[in-house]
Amino acid sequence: MYNQKLLANIKKLLGNSHYDYTLVIRPDLFPIEALQLLKTHTKNDFVAYQWNGIRRFPKTKPTINLFDRFYVFDSEDLHNEEYQQYRLNGISNFYFDMYQPQPVSHTGTIAYFVGLHVDSRIAAIEACANALIKYGINLDFNIKFRPSEASKAGLYSCKEIHFIPENITFDDNLKHINNADILIDIVNPVHHGLSFRTFEALYYQKKLITNNPQIKNLDFYHPDNIFIWKNADDLQKIENFLARPFVSINPDIIKKYSFANWINNILNRQPFQKISVI
């Protein structure tokens, strides 16, 4: 029933119009019939972007060959032997450059995290939160539960972690980012791609604390700006990291990860700085 309604809505929206390009994000969310319809209304390139890992969403696989180009953000998808039959391209996430950073004056140092509850992330989130509290950092940690998992709030022992009933809106997320000094990124074990938080930290010039080692391969990595940790013992070095001043990054590198440059990469519209994943 849902697929039928979706297909009917797409037909209504498309009408007799045809478009130069079609970009589908998370193609696994669309029935094949809907994707085929979109393709017939595309004059040039029919392009897809899977930003959450193929292994996490295996329904992606039957859609790949429908597209002229198919992009993934997880380098492991590019090298996975299971997916060698597909023509995959790698590209990272980005930040939205149509919004301008507006830092908010505040007292103390604030660390911001937002994410969906995942059982396997509890220990990492708590270890990071407790280390930050130890060094006098104010937490703005927010966790959303699926309705079926609401009872799992009791699995968290840190009292400064907030449980939010609804997703934080995009605009509110930007307010949290503007207000923070440090952004926190905790890897979801089902993929290894770099989250949007990584690129927001770059654009908004916030320090980043993450347990994703992939970031060390990027051209904007600097140990004074980005703290990578593997185990709880590593977190004892946070105090020294926070004491070091933020290092300015080359503006051309920052622009490279903007949405404006990203969309030109995706659509292969020159000029653009090439974005890839390793």
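Computed from the coordinates by the stated procedures, all read-outs in this text should not be read as laboratory data. Just so we're clear, the structure is a prediction, and the values are computed from it rather than from any experiment. Because the Cβ atoms are built from the backbone with ideal geometry, glycine has one as well, and the counts that use them run over all protein chains shown.
Overview of values
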item	result
Rg/Rg_globular for region 55-204, with Rg_globular taken as 2.2 N^0.38 Å and Rg from C-alpha atoms	1.20
Whole-number Å³ per residue for the convex hull built on Cα positions in the chain	151 Å³
Stretch gain in nm, segment residue 87-residue 166, where the contour uses 0.36 nm per residue and the Cα spacing is subtracted	24.7 nm
Nearest-0.05 FRET efficiency for residue 268 and residue 248, computed from C-beta distance (R0 30 Å)	0.45
Over the chain, relative contact order from alpha-carbon pairs under 8 Å, at least 6 apart, %	17 percent
Over region 211-276: Rg over Rh, Cα atoms, Kirkwood Rh	1.10
Hypothetical label at residue 40: residues of region 7-30 whose amide nitrogen lies under 15 Å (7 Å Cα-Cβ projection)	7-19
Region 22-119, Rg to Rh (Cα coordinates; Rh as Kirkwood inverse mean 1/r)	1.10
Contour excess over end-to-end distance, with Cα ends at residue 276 and residue 80 and 0.36 nm allotted per residue	68.9 nm
Overall Cα dimensions of region 124-278 - principal axes, largest extent first, Å	51, 38, 28
Long pairs among 61/152; 175/255; 159/216, criterion Cα-Cα beyond 23 Å	61/152; 159/216
Loop trypsin sites (Lys or Arg not before Pro), region 233-278, which have at most 14 other Cβ atoms in a 10 Å radius of their Cβ (DSSP)	269, 274
Region 85-148: C-alpha pair distances exceeding 14 Å, %	73 percent
Cα centroid separation, region 121-191 to region 1-43 (Å)	35 Å
Relative contact order of region 200-273, pairs being alpha-carbon contacts under 8 Å that are 6 or more residues apart, as %	26 percent
Antiparallel DSSP beta bridges within the chain, percent to nearest 5	0 percent
Helix-only CD estimate at 222 nm, as mean residue ellipticity for the chain, using -39500 (n - 2.57) per DSSP H run (n ≥ 4)	-8000 deg cm²/dmol
Rel. contact order, % - alpha carbon contacts under 8 angstrom, at least six apart, region 1-43	53 percent
Protection proxy ranking of 225-236, 240-251 - average other beta-carbon atoms within 10 Å, highest first	225-236, 240-251
